[in-house]
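These notes are about the structure you will find just below.
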Amino acid sequence: MTTTDPAPGPGLRPDSQSPPAVRLRDLSKSFGHVQAVRHVDLTIDQGEVVAFLGPNGAGKTSTIDMILGLSTPSGGELSVLGMTPQQAIRRGLVSAVMQTGGLLKDLTVGETALYTASLFASRADVPAALRRAGIAEIADRRVGRCSGGEQQRLRFAMALLSDPELLILDEPTTGMDVEGRREFWGSIRHDADRGRTVLFATHYLEEADAYADRIVLIRKGEIVADGTSAQVKSLASGRTVRATLPGATEQALRTVPGADSIEVRGDTVLIHSGDADKVARYLLTETTAHDLEITSRGLEEAFLALTGDDGNTGGNR
């Protein structure tokens, strides 16, 4: 395993001379005979908001652990802001918001943030971090009395204290309500506009669709898609025909020409197909179906098609 020599000086901001926030080349990680990450190539530029998605066991956590310096690659090259992960973290350039752990229940929200700030060489603006996370008004509340969403906001505030260049988020909005999630992502977009890079993993695919500049899908340790939300959706070929057809059964609809998969939800039929026009013609001429709609596949369908056991393994590797 090789790493890149450190870049001069902390506090990097994106410009034409800045190194990528994350650069992986032929990166691999093995645990005994199990290869969790397989020859991954990935470059994330500074200021990007990137969703890193994949099913459980796909290699997301192993890759993130290597970016955070928590795990050593078995092979390949890795740099974070032009230096090793350990160097970037020592300079306060990288922070992470993990899903669980790291909070003392008997401390207040404010005490937790102050204690965390004391660990950094430079003076952190604790009140500003609490305001950015939307928890300034509960600074006197004990952590143990905070909801799951409030505790996740506290982790976010703690991550902001070093004013990091790269922010890594693991299921960041777990436990938050709809309004809280919207406010959280508004704050993230504001940070990205100022040059901060964000890499996040989430099971809320609608968040990736709405807020990520770019989506990276990983399957069995390999990157199978890398692009904008629209580009990733286009990789899952085919469209969905939705129709109203009372009394329909999946067994009876197996004769529909061109159908790849069929779902029956009460009187509603959803048929996924690479030739939606053929399916629509059949339903309109050979059945009593009505109220037809033809739509492109969404991110969820693309995710399932590209990362499932029978998924396409095309795209960047």
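The values are calculated or read from the model by the stated rules, or taken from the named source; none is laboratory data. If you're wondering where the values come from, they're calculated on a predicted model, not measured in any experiment. Methodologically, a virtual Cβ is constructed for each residue, glycine included, from the backbone with ideal geometry; neighbour enumeration extends over all protein chains shown.
Quick notes
- Qualifying residue in the stretch 28-45 (condition: within 26 Å of Leu205 (Cβ to Cβ), acidic (Asp, Glu), in the same structural domain as Ala121 (by TED's automatic domain parsing) and in contact (Cβ under 8 Å) with a residue 24 or more places away in the chain): yes
- Against the conditions (1) out of contact with any strand residue (DSSP E or B) (no Cβ under 7 Å at 6 or more places or on another chain); (2) crowded, with 23+ Cβ neighbours inside 10 Å, Arg194 satisfies every one except (2).
- Filter pass, Glu207 being out of contact with any Gly (no Cβ under 8 Å at 6 or more places or on another chain) and within 23 Å of Val97 (Cα to Cα): yes
- Some residue of the stretch 72-79 being surrounded by 18 or more Cβ atoms within 10 Å (Cβ to Cβ), among the hydroxyl-bearing types (Ser, Thr, Tyr) and not in a helix (DSSP H, G or I): yes
- Residues of the stretch 247-302 satisfying the condition of being in contact with a helix residue (DSSP H, G or I) (Cβ under 8 Å, 6 or more places away or on another chain) and over 22 Å from Ala230 (Cα atoms): Val256, Pro257, Gly258, Ala259, Ile262, Glu263, Val264, Val269, Ala289, Leu292
Okay, residues lined up against (1) without any contact (Cβ under 8 Å) to a residue 40 or more places away in the chain; (2) part of a strand (DSSP E or B):
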| position | (1), (2) |
| --- | --- |
| Tyr115 | yes, no |
| Ala121 | yes, no |
| Arg131 | yes, no |
| Gln151 | no, no |
| Asp163 | no, no |
| Ile188 | no, no |
| Phe200 | no, yes |
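- One residue stands out among those in the stretch 10-37 that are outside any strand (DSSP E or B) and among the aliphatic types (A, V, I, L, M): the one that is modelled with the lowest pLDDT, which is Leu12.
- Flag set for Asp65, criterion: assigned to a helix (DSSP H, G or I), among the acidic types (Asp, Glu) and buried (at least 16 other Cβ atoms within 10 Å of the Cβ).
- Residue that is surrounded by the fewest Cβ atoms within 10 Å (Cβ to Cβ), among those in the stretch 261-309 that are free of Cβ contacts under 8 Å to residues at least 24 places away in the same chain and in contact with a Pro (Cβ under 6 Å, 6 or more places away or on another chain): Asp267
- Given (1) crowded, with 16+ Cβ neighbours inside 10 Å; (2) in contact with a Ser or Thr (Cβ under 9 Å, 6 or more places away or on another chain); (3) modelled with pLDDT of 95 or more, index of the condition Asp140 fails: (1)
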